[in-house]
Amino acid sequence: MEDEAAKEDFEALDDLGDIDGADGVDDDLDDDETVSAAGGETKSLDLILDIPLTVAVELGRSKMLINDLLQLGQGSVIELTKLVGEPLEVLVNQKLVARGEVVVVNEKFGVRLTDIVSPMERVQSLA
């Protein structure tokens, strides 16, 4: 249900780009607007630039009983479903968008993206 609503919202945003003046040219262009290579139409991304998204990097998953969860303490080890060396999954609003590997930059962990999920795969994951 939420996926259908998100799809409709995405289509509505796409339709906003088709709204132009009568001559097909938007007369009040800002510097922040971009020109699409396909049709030369000018579209503004200002509408979506401030939308907050949740970005999560998933190292792995595990299922356990509540009893086992309550027994966890400092130093406990939780076995994950992924193997060492397997790519991490980068999720945006709980949808897979990329895979990557762990890197250390200035003593902080980061993720180097190694594979971006194609737009077609992302749309198929909504169904």
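Rule-based calculations on the coordinates, nothing more; no lab input. Note that this is a predicted model, so its numbers are computed, not measured. Virtual Cβ from ideal backbone geometry, glycine too; neighbours counted across all protein chains shown.
Go through segment 57-67 residue by residue and turn each phi into a ³J(HN,Hα) via Karplus (6.51, -1.76, 1.60, θ = phi - 60°); whole Hz please, and just put x for glycine and proline.
10, 9, 7, x, 10, 8, 10, 8, 6, 4, 4
Tell me the Rg and the Dmax, in Å, that the Cα atoms of segment 74-124 produce.
Answer for segment 74-124, Rg first and Dmax second: 13.6, 43 Å.
Work out, step by step, the length gained on full extension between Leu69 and Asn93: first 0.36 nm times the residue separation, then minus their alpha carbon distance; give nm to one decimal.
Details: separation 24, 0.36 × 24 = 8.64 nm, distance 2.60 nm.
Contour length minus Cα-Cα distance gives 6.0 nm.
What is segment 40-113's relative contact order, in percent, from Cα pairs under 8 angstrom and six or more apart in sequence?
Details: 76 pairs, mean separation 20.3, N = 74.
Here the relative contact order equals 27 percent.
Quickly rank 86-93, 113-120, 66-73 as a protection proxy: mean count of other C-beta atoms within 10 Å, highest first.
On the way: 86-93: 16.0, 113-120: 11.2, 66-73: 9.1.
Put in order of decreasing packing, that is 86-93, 113-120, 66-73.
Note the full-extension length gain between Val84 and Thr54 as 0.36 nm times their separation in residues minus their Cα-Cα distance, in nm to one decimal. Mind dumping the intermediate values first?
Working: separation 30, 0.36 × 30 = 10.80 nm, distance 2.55 nm.
Net length gain for the segment: 8.3 nm.
Of Val90, Gly73, Thr54, which is farthest towards the positive pole of segment 52-127's charge dipole, taken about the Cα centre with +1 and -1 on the beta-carbons of Lys, Arg and Asp, Glu respectively?
Thr54
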